[in-house]
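Taken together, the values in this text are just the output of simple stated rules run on the coordinates, not laboratory data. The structure presented is a predicted model; accordingly, all values stated were derived computationally and were not measured. All Cβ positions, glycine included, derive from the backbone under ideal geometry; neighbour counts span all protein chains shown.
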Amino acid sequence: MTTATGTIDNKVRQIVSNIRNLPTPPIVFHQIQKVINDPNVSAGQIASILSEDPAMSVKVLKLTNSAFYGLAREVESVKQAVVIVGLEAIKNLVLSASVLDMFKGDDFDQEFQDKFWRHSLAVGFCGRLLAKRARAKGMIDPDAAFSGGLLHDIGKVILCCFLKDDYKLFTDARSKDKITESYILEEKTIGFNHAQLGAVLAEQWKLPQRLSEAIAFHHNPQASESEDLVAQIIHISNYVSKKTFYDDEEQYLVGEISEGVLDYMEIDESSLESLSDDLREEYSKAETFMQMAGLGS
């Protein structure tokens, strides 16, 4: 049992630190991150921070008013949004909007980006649904689960878009090997995997430890010492999302849920089918996120 930090050697950290032009979250995210844990912080203070970034304010309002939250009335100000959906939700919306924005552009492989963000959003939506269901293990914040899902594979973006030689080694190996799980095949061919890359990026961005843990252990949550359950949630959501949306040619990529995870989460395997149905419905509400990611609805 280990922490995310313990599983990542200096080689991976050095690789990430040597990447030029690696995107970083906007200042407004770090400002909110600093004050979010202050019990005395007010909705007005958060709104004031967001007002320094008008584009981000607009995105937060769009997301708050989207079908994602399904509010009964339209929210007209960021301050009102903070009051209605809560501080943690606003922080995660800012993170989501930031990440979707950071990795857009012609410099990136568009076909990869399209598929990547559709899957990442699906895992985020599924994580949010599952967090609401998994009450037996205690409170799991649905918005944190969404962010964990959105970011779980962010290391793949680093690999594909910034480490192209390593990525080619992996894709060449994948074309001949349709059995080995991707993160294991990455380790075999390039010596590290996308989960490690993503966890290092999360550390560099100073994201909450629960998110770096979820990213690091989304393939093997039972290896984590953390008592936080986001990694378990994302592990199951990753499987359900692939099972739900991957076509016949991609089924070899679905993998399996690690032994003991469903029992630990007190989730009946038969309930995964209904979770898949709910995910399809939830995903249909994803238009606002899709637009932010530069995807079609």
> So how strong a dipole does the chain carry about its Cα centre when Lys and Arg Cβ are +1 and Asp and Glu Cβ are -1, to the nearest 20 debye?
Replying inline: 760
>> With the crude spin-label approximation of a point 7 Å out along Cα→Cβ, what separation in nm comes out for K168 versus E88?
In response: 4.5
>> Cα atoms only: what Rg and Dmax, in Å, come out for the chain?
In response: 18.5, 57
>> Beyond a 26 Å Cα-Cα separation, which of these cross-linked pairs lie in this structure: K115/K243; K164/K243; K104/K156; K115/K176; K115/K285?
In response: K164/K243
> Per residue of the chain, what 222 nm ellipticity follows from adding -39500 (n - 2.57) for every DSSP H run with n ≥ 4, rounded to the nearest 500?
Replying inline: -19000 deg cm²/dmol
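Under 13 Å from the Cβ of L197, count the other residues' Cβ atoms, weight Lys and Arg +1, Asp and Glu -1, and hand me the total.
Result for the local shell: -3.
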> Using the count of nearby Cβ atoms within 10 Å as a rough guide to exposure, how do V41, V230 rank from fewest to most?
Replying inline: V41, V230
>> Which residues among region 181-202 fall inside the zone where the amide N is under 12 Å from a point 7 Å beyond the Cα of K11, along Cα→Cβ?
In response: 187-193
>> Students often check this: by mean Cβ neighbours within 10 Å, which of 148-161, 74-87, 272-285 ranks highest, and how do the rest follow?
In response: 148-161, 74-87, 272-285
> How far apart, in nm, are the 7 Å Cα→Cβ label points at Q80 and E52?
Replying inline: 2.5
